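What follows is a single structure, written as structure tokens, with notes after it.
Each value in this text was obtained by applying a stated rule to the coordinates, not by laboratory testing. Small disclaimer: the values here were computed from a predicted structure and weren't measured. Cβ: placed from backbone, ideal geometry, glycine included. Neighbour counts: every protein chain shown.
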């Protein structure tokens, strides 16, 4: 991956509906080679998918809750069932298995604390957990889905 590919990725992360001609102009190519590069980045799996980013305020899901989960169960059967069931909860928009003192970290988006309580009750029904700790974001200081491209080879 060269600097032109990296510039193309920056454009796509900014707006994946940007016309090929505009991307090509920004990166210093003509449209056909630019389109071929985008196709290659897609077929190579660098571009995983193209999505629309929605406004959480318009959807009434402005409350971000970071949920730290700890468990005493560390076997594959438990973990596979737990992960499969948590992934089915639409309010869980990010879900990570962690190292350190926390086993799992979730980001949950909801309209209110009461709505989070419904999600919390669903979580504790899924599996036995040792500890559930929830933190509510007071303010979003930075949010982006754009990944840094300058580390790519």
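Yes/no per residue for (1) without any contact (Cβ under 8 Å) to a residue 60 or more places away in the chain; (2) touching a helix residue (DSSP H, G or I) at 6+ places or on another chain (Cβ under 7 Å); (3) in a strand (DSSP E or B):
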{"position": "23", "(1), (2), (3)": "yes, yes, no"}
{"position": "41", "(1), (2), (3)": "yes, yes, no"}
{"position": "53", "(1), (2), (3)": "no, no, no"}
{"position": "60", "(1), (2), (3)": "yes, no, no"}
{"position": "84", "(1), (2), (3)": "yes, no, no"}
{"position": "101", "(1), (2), (3)": "yes, no, no"}
{"position": "115", "(1), (2), (3)": "yes, no, no"}
{"position": "122", "(1), (2), (3)": "yes, no, no"}
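Scan segment 134-153 for residues that are touching a residue at least 12 places away in the same chain (Cβ under 8 Å) and in contact with a helix residue (DSSP H, G or I) (Cβ under 9 Å, 6 or more places away or on another chain) and report the count.
Summing the residues that are touching a residue at least 12 places away in the same chain (Cβ under 8 Å) and in contact with a helix residue (DSSP H, G or I) (Cβ under 9 Å, 6 or more places away or on another chain) in segment 134-153 gives 8.
Look at segment 62-82 and say how many of its residues are part of a loop (DSSP other than H, G, I, E, B) and touching a helix residue (DSSP H, G or I) at 6+ places or on another chain (Cβ under 9 Å).
2
Considering each of 91, 77 in turn, give the residue that is at negative phi and loosely packed, with under 14 Cβ neighbours inside 10 Å.
Result of the check over 91, 77: 77.
Give the residues of segment 45-64 that are within 19 Å of residue 114 (Cα to Cα) and surrounded by 10 or more Cβ atoms within 10 Å (Cβ to Cβ), sorted by residue number.
Selection gives 56, 59, 60, 61, 62, 63, 64.
Looking at segment 25-39, which of the residues that are surrounded by fewer than 18 Cβ atoms within 10 Å (Cβ to Cβ) and assigned to a helix (DSSP H, G or I) is nearest to the chain's Cα centre (by Cα)? Don't jump to the end; show me each part of the working.
Pass one, segment 25-39, residues surrounded by fewer than 18 Cβ atoms within 10 Å (Cβ to Cβ): 25-26, 28, 30-33, 35-36, 39.
From what's left, assigned to a helix (DSSP H, G or I): 25-26, 31-33, 35-36, 39.
Details: 25: 29, 26: 27, 31: 30, 32: 31, 33: 30, 35: 26, 36: 27, 39: 23 Å.
If we take residues in segment 25-39 being surrounded by fewer than 18 Cβ atoms within 10 Å (Cβ to Cβ) and assigned to a helix (DSSP H, G or I), then 39 is nearest to the chain's Cα centre (by Cα).
Among what's in segment 8-21 and is touching a residue at least 24 places away in the same chain (Cβ under 8 Å) and in a helix (DSSP H, G or I), pick the residue that is surrounded by the most Cβ atoms within 10 Å (Cβ to Cβ).
8
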